[in-house]
């Protein structure tokens, strides 16, 4: 099942796209996330993506953990300060954040809540090692259950530090997972399933919520 919040901005999910077309259509939905830590260091830590017309940006919790301030850089190079951590799913290492971004610049990706099939082709769009707008492709190599995260999708598409929070997208342009961690070895990369993303975006009462941010307060403590 595919879930969208309000009228979907992207209608091209209905049929498979070529790899270049898929990347071109999805890239404007992806953002770079930078964080100011309590020690005063500003670091480009990860990736996020628009998941609703309201402007919810999904990333990994560990990307923003302990942040005093958070910024997102959109596809057009503009930088916005995050003013709200909408929700946190600690069990799945997911977070939903918002900034005052004009609605015309918000392009939410559709969320696929069904688990993908092994062998399904996927693309990861993110910022590995700070290299913005990087695309990598591969397949779903397994769907596993882990004690820490529950259901996870194992993929062969390469990910690196900085890829955390990247959308894992199928050939129809729907998010089937969020790149979260890797295990030392060849192509042992894992993402949190789309079902957990949908729960955080559309059923926030099921997870821990946060209020609007204020200066000098740890946003995710």
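The values are calculated or read from the model by the stated rules, or taken from the named source; none is laboratory data. None of these values were measured; they are calculated from a predicted model. Heads up, the Cβs are rebuilt from the backbone with ideal geometry, glycines too, and the neighbour counts pull from every protein chain shown.
Please tell me if residue 100 is without any contact (Cβ under 8 Å) to a residue 40 or more places away in the chain, touching a strand residue (DSSP E or B) at 6+ places or on another chain (Cβ under 7 Å) and under 19 Å from residue 76 (Cα atoms).
Yes.
Among the residues of the range 116-130, which ones are modelled with pLDDT of 95 or more and surrounded by fewer than 19 Cβ atoms within 10 Å (Cβ to Cβ)?
Scanning the range 116-130 gives 117, 118, 119, 120, 121.
Mind listing whichever residues of the range 51-68 are at negative phi and outside any strand (DSSP E or B)?
Those that are at negative phi and outside any strand (DSSP E or B): 51, 52, 53, 54, 56, 61, 62, 63, 64, 65.
If a residue has to be more than 16 Å from residue 26 (Cα to Cα) and modelled with pLDDT of 95 or more to count, how many in the range 165-189 make the cut?
0
Against the conditions (1) on the phi > 0 side of the Ramachandran plot; (2) surrounded by fewer than 19 Cβ atoms within 10 Å (Cβ to Cβ); (3) in contact with a strand residue (DSSP E or B) (Cβ under 6 Å, 6 or more places away or on another chain), where does residue 151 fall short? Just the number, please.
(1)
One line per residue, one yes/no per condition, for (1) at pLDDT 95 or above; (2) assigned to a strand (DSSP E or B); (3) touching a helix residue (DSSP H, G or I) at 6+ places or on another chain (Cβ under 9 Å):
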residue	(1), (2), (3)
28	yes, no, yes
40	no, no, no
49	yes, yes, yes
70	yes, yes, yes
